[in-house]
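Student: Shown below is the structure under consideration.
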Amino acid sequence: MQSSRFYPLLVASVLQFAHRRLRSPRIAVLDGLRVQLCPHVFNPTVSRTTRFFMQHMQIPTGSRVLELGTGTGAIAAAAARHSTEVWATDISPHAIRCARATMRLNKVETRVEVLLGDLFTPVTGRRFDVILFSLPYLARRATSLEAMSWCAGPKCELIDRFLAEARGYLTAGGSIQILFSSAAPVAQLVTMIRQHGYRIGLMSSGRILGFLERVYLLKLS
């Protein structure tokens with residue numbers, strides 16, 4: 001169910017405040033992985049969405065995996081538990097350095113290729129069995145480098161562009177796994193997904209902040 005119209009504003013404010021407090025790199029443990037945290041990169045310990053994604057995503061053994069907007073690289077490192085062929089992209093140079101450190105901390109740097117670029121640009125011409133994207137799901141314009149991790153534009157333009165491009169990077173029978181929360185314009189996103197011709201399957205959902213926020217992990221095919 002869609003949250004109050006005031007809730008997305010609260011989420012954005014809390015995330016921005018929490019990220020301003022991270023002024024130096026440190027290491028956190030997330031779902032059994034050592035994760036490098038860095039200034040100007042989405043901190044997966046602030047929100048429980050990353051942990052939820054890591055715990056409920058489905059990675060068939062031996063599949064070719066792509067994660068977009070990798071940030072600290074936590075999800076890509078978790079995917080490397082099941083696959084020896086993982087690619088991770090991010091538009092932020094800060095995130096690229098951070099993600100590569102996470103791969104080294106977990107000794108999966110030979111299985112995960114971390115690439116700088118916008119969405120699919122660094123992997124042009126390749127196809128994947130699984131595409132992972134923890135969406136920047138707030139319908140707002142980003143006002144900081146960190147906020148690009150949770151703001152998709154006033155009309156969720158980033159998500160629309162992702163959906164338009166993603167099918168061209170899937171193998172036959174491949175799937176897209178995306179996560180967003182009830183702080184997103186849920187009805188708008190579901191309509192957008194269907195307009196791009198995807199079938200929607202609910203993989204998992206759960207509450208992460210008491211009664212306020214529910215997260216949805218969807219499989220698109």
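Student: Which members of the stretch 42-86 meet the condition of being assigned to a loop (DSSP other than H, G, I, E, B), over 19 Å from A152 (Cβ atoms), among the small types (G, A, S) and modelled with pLDDT of 95 or more?
Tutor: Result: S63, G73, A80.
Student: Give me a count of the residues in the stretch 90-100 that are without any contact (Cβ under 8 Å) to a residue 24 or more places away in the chain and within 22 Å of V215 (Cβ to Cβ).
Tutor: So the answer is 0.
Student: Here is a further query. Note down all Cβ pairs under 6 Å where the first residue falls in the stretch 101-128 and is without any contact (Cβ under 8 Å) to a residue 40 or more places away in the chain and over 17 Å from I91 (Cα atoms), the second is surrounded by fewer than 16 Cβ atoms within 10 Å (Cβ to Cβ) and of a type in the set (S, T, Y), and they're at least six residues apart or on different chains.
Tutor: Final answer for the pair search is R111/T84.
Student: Now a separate question. Within the stretch 160-196, track down each residue that is crowded, with 19+ Cβ neighbours inside 10 Å, over 20 Å from E213 (Cα atoms) and among the β-branched types (V, I, T).
Tutor: I176, I193
Student: Same structure, new question: If I filter the stretch 87-104 for residues that are more than 16 Å from the chain's Cα centre (by Cα), surrounded by fewer than 21 Cβ atoms within 10 Å (Cβ to Cβ) and in a loop (DSSP other than H, G, I, E, B), do I get at least one hit?
Tutor: Checking the stretch 87-104: not a single residue is more than 16 Å from the chain's Cα centre (by Cα), surrounded by fewer than 21 Cβ atoms within 10 Å (Cβ to Cβ) and in a loop (DSSP other than H, G, I, E, B).
Student: A further question on this structure: I'm trying to understand the selection: among the residues of the stretch 52-61, which are closer than 17 Å to S182 by Cβ and either hydrophobic (A, V, I, L, M, F, W, C) or crowded, with 18+ Cβ neighbours inside 10 Å (or both)?
Tutor: Matches in the stretch 52-61: F52, F53.
Student: If you don't mind, there's one more thing I want to ask. If you go through the stretch 105-142 one residue at a time, how many are closer than 17 Å to T50 by Cβ, aromatic (F, W, Y) and assigned to a strand (DSSP E or B)?
Tutor: 1
Student: Could I ask something else about it? Of everything in the stretch 171-207, what is more than 16 Å from the chain's Cα centre (by Cα), more than 20 Å from P154 (Cβ to Cβ) and either not in a strand (DSSP E or B) or not basic (K, R) (or both)? Give them in sequence order.
Tutor: Once the filter is applied, which keeps residues that are more than 16 Å from the chain's Cα centre (by Cα), more than 20 Å from P154 (Cβ to Cβ) and either not in a strand (DSSP E or B) or not basic (K, R) (or both), the stretch 171-207 yields T171, A172, G173, G174, R194, G197, Y198, R199, I200, G201, L202, G206.
Student: I would also like to ask the following. Can you pull out the residues in the stretch 78-88 that are under 17 Å from L179 (Cα atoms) and either in contact with a helix residue (DSSP H, G or I) (Cβ under 7 Å, 6 or more places away or on another chain) or charged (D, E, K, R) (or both)?
Tutor: Once the filter is applied, which keeps residues that are under 17 Å from L179 (Cα atoms) and either in contact with a helix residue (DSSP H, G or I) (Cβ under 7 Å, 6 or more places away or on another chain) or charged (D, E, K, R) (or both), the stretch 78-88 yields A78, A88.
Student: Does L135 satisfy the criteria of being more than 20 Å from D31 (Cβ to Cβ) and either buried (at least 17 other Cβ atoms within 10 Å of the Cβ) or not acidic (D, E) (or both)?
Tutor: no
Student: Every residue in the stretch 151-181 that is modelled with pLDDT under 90 and of a type in the set (V, I, T), please.
Tutor: Scanning the stretch 151-181 gives no hits.
The values are calculated or read from the model by the stated rules, or taken from the named source; none is laboratory data. A quick note: this is a predicted structure, and the numbers were derived from the prediction, not measured. We place every Cβ from the backbone using ideal geometry, glycine too, and count neighbours over all the protein chains shown.
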